[in-house]
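Just below is one structure, and these are the notes that go with it.
The values are calculated or read from the model by the stated rules, or taken from the named source; none is laboratory data. These numbers come from a predicted model, not from an experiment. Cβ coordinates were reconstructed from backbone atoms using ideal geometry, including for glycine residues, and neighbour counts include every protein chain displayed. Ligands, DNA and RNA are excluded from the accessible area calculation, which covers all protein heavy atoms including side chains. Shrake-Rupley method; radii C 1.70, N 1.55, O 1.52, S 1.80 Å.
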Amino acid sequence: MRNLKLGIILMAFCVISAGLLAFVYLLTSPRIEREAQLSLERSKSEVLGGQKGWAVLVKPRGYGGPIEMLVGIDTQGRVTGVKILNHRETVGLGAKIVDPKFLNQFKGKTNADALEPKKDIEAITGATISSRAVCAGVKEALKKK
Amino acid sequence: MSLWRDFNAGIVRENPVLRLMIGLCPVLAVSNNALNALGMSVAVAFVLTCSNLVVAAIRKIVPDEIRIPIFIIVISTFVTISDYVMHAYFPEIHKALGVFVPLIVVNCIILGRAEAFAYRNPVLNAVLDGLGMSLGFGLALVSIGVVREVLGAGSIFGLQLFNPAVAATVMVLPPGAFITIGFLMAGLNKLENKVR
């Protein structure tokens with residue numbers, strides 16, 4: 001009997017908790033979804049810089065896992081912009097791939113360019129693997145579109 | 001008087017991070033810059049205060065044998081609420097803190113205070129204990145975050161102070177967290193010895 005009573009008390013707490021969470025979920029989920037949608041739209045127009053073209057999503061392998069990035073390409077096949085959406089590179093080293101100084105180097109590049117560190121791209125000091133991954137991502141996007 | 005004592009215990013005398021040395025995992029992980037540290041502190045403060053309040057309020061109807069699972073249900077409910085709310089209203093900070101928000105569930109500070117304090121004290125004392133402990137946790141976390149960000153990235157709350165090229169990158173990497181915590185603990189001990 002004692003065990004049954006304990007079980008029922010525990011269940012009662014679970015039910016209250018579940019009800020409360022369902023309520024908060026209903027309240028916040030529309031906003032979470034809208035926020036995700038908006039941020040993707042914003043990123044798209046950001047990499048295209050107002051020009052017509054494609055925004056290609058690629059996930060090259062970085063040092064700490066896949067780097068999720070968006071590459072904007074205009075109708076002539078030139079890169080208009082690159083934005084890193086998600087990454088797990090080392091803080092202070094590889095994480096600098098989000099730096100505009102690094103990313104702006106890709107603007108105007110086409111399939112004909114080498115797109116390699118030490119050739120036409122200046123890599124981030126101490127983060128060769130991350131820099132190379134971003135280059136590979138841009139290359140892949142140019143082939144994909 | 002005892003209310004005031006319950007409140008200020010967590011700030012210096014029993015500071016969870018620098019004194020009791022509990023809940024260090026998120027402290028090491030999210031103190032690489034001041035803003036992340038602040039976001040984490042606010043989330044922990046919310047969860048700790050609410051769970052202390054609820055645990056103290058229900059302490060008379062909770063049977064001893066199942067108090068731990070019930071604490072966990074209460075804590076995880078508040079953690080999930082703060083996770084949803086952060087995701088909806090502060091998506092940037094939510095993204096930066098990542099998995100460490102859900103991991104507040106297993107933060108020993110919160111279960112520790114529920115078991116050691118809230119379960120044995122009236123609601124008001126428990127809430128004040130929660131606020132004091134959160135403040136102590138937040139102060140420690142934000143000071144570590146500020147030190148690491150200034151020394152490691154040359155900025156404070158994202159505001160660039162000097163050229164990051166001369167900053168010591170190691171400070172924003174994991175070793176920097178251990179070094180900073182060590183110095184802060186030593187400093188606090190020294191201060192306390194002097195006062196005595």
Restricting attention to segment B:10-38, the residues that are out of contact with any Cys (no Cβ under 6 Å at 6 or more places or on another chain) and open to solvent by less than 10 Å² (accessible area, probe 1.4 Å) number exactly 9
Filter segment A:1-26 for residues that are facing chain B (nearest Cβ under 8 Å) and under 29 Å from the mean Cα position of the chain (by Cα); the one that is least open to solvent (accessible area, probe 1.4 Å) is A:Val24
Of the residues in segment B:44-56, those that are more than 11 Å from the chain's Cα centre (by Cα), within 14 Å of another protein chain (Cβ to nearest Cβ) and open to solvent by less than 30 Å² (accessible area, probe 1.4 Å) come to B:Ser51, B:Val55
Report task. Output yes when any residue across segment B:101-115 is over 15 Å from the mean Cα position of the chain (by Cα), under 27 Å from B:Pro69 (Cβ atoms) and either away from chain A (no Cβ under 13 Å) or open to solvent by 50 Å² or more (accessible area, probe 1.4 Å) (or both), and no when none is. Result -> yes
Residue hits (segment A:92-122; assigned to a loop (DSSP other than H, G, I, E, B), at negative phi, surrounded by fewer than 20 Cβ atoms within 10 Å (Cβ to Cβ) and more than 16 Å from the chain's Cα centre (by Cα)) are A:Leu93, A:Lys107, A:Thr110, A:Asn111, A:Ala112, A:Asp113, A:Ala114, A:Glu116, A:Lys119, A:Asp120, A:Glu122
Within segment A:47-73, residues being surrounded by fewer than 17 Cβ atoms within 10 Å (Cβ to Cβ) and away from every other protein chain (no Cβ under 14 Å) number 8
Picked from segment A:27-46 (must be away from every other protein chain (no Cβ under 12 Å) and of a type in the set (D, E, K, R)), the residue surrounded by the fewest Cβ atoms within 10 Å (Cβ to Cβ) is A:Glu41
Sole miss for B:Ser41 among (1) facing chain A (nearest Cβ under 9 Å); (2) under 23 Å from B:Val150 (Cα atoms); (3) open to solvent by less than 40 Å² (accessible area, probe 1.4 Å) is condition (1)
Counting only helices (runs of 4 or more DSSP H) entirely within segment B:89-184, those with at least 3 residues that are of a type in the set (S, T, N, Q) are B:123-153
Scanning segment A:76-91 residue by residue, the ones that are at pLDDT 90 or above and either of a type in the set (S, T, N, Q) or in a helix (DSSP H, G or I) (or both) total 1
